[in-house]
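Here is the structure we will look at, set down as structure tokens.
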Amino acid sequence: MLDALVPPCLSTNVRHMHSEQNSPQARGNLAAIDSKLTELDHIFLRFCSQHGYRFSRNLQIWPKSRVWRRQEIDRCMDLVMDVGFQQALDVGFFPEMPWSLYAQGSLHPGTDSDMHLFSRPIFEHVPFSQLASVLGESLTSGLRILNAMTESEVLAHGQTEREIFAQGQTEREAYRRTQESARNAEPGAPPNGGPTPLSGNSGVGGGRPSVS
């Protein structure tokens, strides 16, 4: 478990996700993304066997692959979608779906009352069709970033759980306004307004905030 890498305040986001993914189409779209993600498992597992990391995948809420290790701080790398949650529900997998890989550090659970999460990009916005060719080398690059991370760096430069939560709220509100504008412009449009992504990450699925 890497509890320190999953801010408890994001449980509100998780409940929101569950309420949105109840339709058969949405569940099927997420399952299709997760199924494609398994094609990369062997690259993560090879990295873990070489460097003493553990591998885990998020199978239920937000398709994501993670390698992690608990040392003097918690270290992990997360491969996450670079699309908003609603777009993932509406569209599902497509070959050029963009993904990002982040190196993240945090302190052990109970040792940091503000829950700092320090995140650095390894790569961003890489289409799924190219991931297999770049992932192995990128994990090696990420390992160098993680090995250089320190407790003082996490505290000095990491985002707190409040900052992460506020970022997610802002982006969800921007998405809601976009959908309302689309419905006003097209009275016959469906309630969700189609696959209109946020600018890159949704705050809860892609990018630095980490949800397990």
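Values quoted throughout were computed directly from the atomic coordinates according to the rules given, and no laboratory measurement underlies them. As the structure is a prediction and not an experimental result, all values here were calculated from the model. Neighbour counts run over all protein chains shown; Cβ positions are idealised from the backbone, glycine included.
Once the C-beta distance of residue 163 and residue 120 is scaled by a Förster radius of 25 Å, the resulting FRET efficiency is 0.95 to the nearest 0.05. For region 24-63, the alpha-carbon radius of gyration amounts to 1.38 times the rule-of-thumb value 2.2 N^0.38 Å expected for a compact globular protein. Applying 1/(1 + (r/R0)^6) with r as the Cβ-Cβ distance of residue 150 and residue 22 and R0 = 45 angstrom yields a FRET efficiency of 0.55.
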